[in-house]
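Everything below concerns the one structure shown next.
The values are calculated or read from the model by the stated rules, or taken from the named source; none is laboratory data. For clarity, every value in this text was computed on a predicted model and none was experimentally measured. Using ideal geometry, Cβ is built from the backbone for each residue, glycine included, and neighbour counts are taken over all protein chains shown.
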Amino acid sequence: MKTPNFIRLCLALIAALFFVQCSSTPKTRIENNPQMFAQLSTKDRQLVTHGLIREGMSRDAVFLAWGRPDSVSIGINRGRESENWSYEGQRPVRSMNMNMGFGFGGFGYGGFGYPGLGGFGPFGYGGYPMFGSGTSVTYIPYTAGTADFVNGRVVSWKSTAR
């Protein structure tokens, strides 16, 4: 009897940890990394708490402000090693759908019946065309922001309008 409750508790804890990881905000990242936040300048601390970055910021400051990047690429920029952090977002796209299908219903007319009930007739399984319409939502990925680093400092950045 105690085993199912224990399993439920474990699953609940795993789900809670998953949702906490997915809802990372500047506030939660600062709370989880107080030493990293303490090493920032006063100006950078103010920006980070609002999720903003600027040229000259360190990688740690960008991490605290924007979180872990979705992709990192490394290259050369004017003879110096550079690094690009890219962040993805998802935009909802709504569309109107018109659907048509063919379904098999219960006791309908014009379908195939049970042999004992006369084959075709009122007790057969009938096929009826079905029509439907409605909206659907699809999420399209897009680049929400990028930060370019040279020597561990932001040299340029781009972000979608907030």
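Val154 passes every criterion in (1) assigned to a loop (DSSP other than H, G, I, E, B); (2) at pLDDT 95 or above apart from (1).
Sort through Ser24, Ser95, Ser73 and tell me the only one that's modelled with pLDDT under 95, among the polar types (S, T, N, Q) and either surrounded by 10 or more Cβ atoms within 10 Å (Cβ to Cβ) or on the phi > 0 side of the Ramachandran plot (or both). Before you say what the answer is, go through the steps one by one.
On the way: Ser95 fails: either surrounded by 10 or more Cβ atoms within 10 Å (Cβ to Cβ) or on the phi > 0 side of the Ramachandran plot (or both); Ser73 fails: modelled with pLDDT under 95.
Result of the check over Ser24, Ser95, Ser73: Ser24.
For residues that are exposed (fewer than 14 other Cβ atoms within 10 Å of the Cβ) and in contact with a Ser or Thr (Cβ under 9 Å, 6 or more places away or on another chain), scanning just region 121-150, find the one that is modelled with the highest pLDDT. Looking at the filtered set, the residue picked out is Tyr142.
The residue pairs whose first member lies in region 45-61 and is farther than 14 Å from Arg29 by Cβ and in a loop (DSSP other than H, G, I, E, B), whose second member is of a type in the set (Lys, Arg) and modelled with pLDDT of 95 or more, and whose beta carbons are closer than 6 Å, counting only pairs six or more residues apart or on different chains, are Gly56/Arg153.
Only a single criterion out of (1) in contact (Cβ under 8 Å) with a residue 40 or more places away in the chain; (2) within 18 Å of Arg153 (Cβ to Cβ) is not satisfied by Ser41, namely (1). Just one residue in the set Thr42, Thr49 is modelled with pLDDT of 95 or more, surrounded by 12 or more Cβ atoms within 10 Å (Cβ to Cβ) and either β-branched (Val, Ile, Thr) or within 15 Å of Tyr87 (Cβ to Cβ) (or both); that residue is Thr49.
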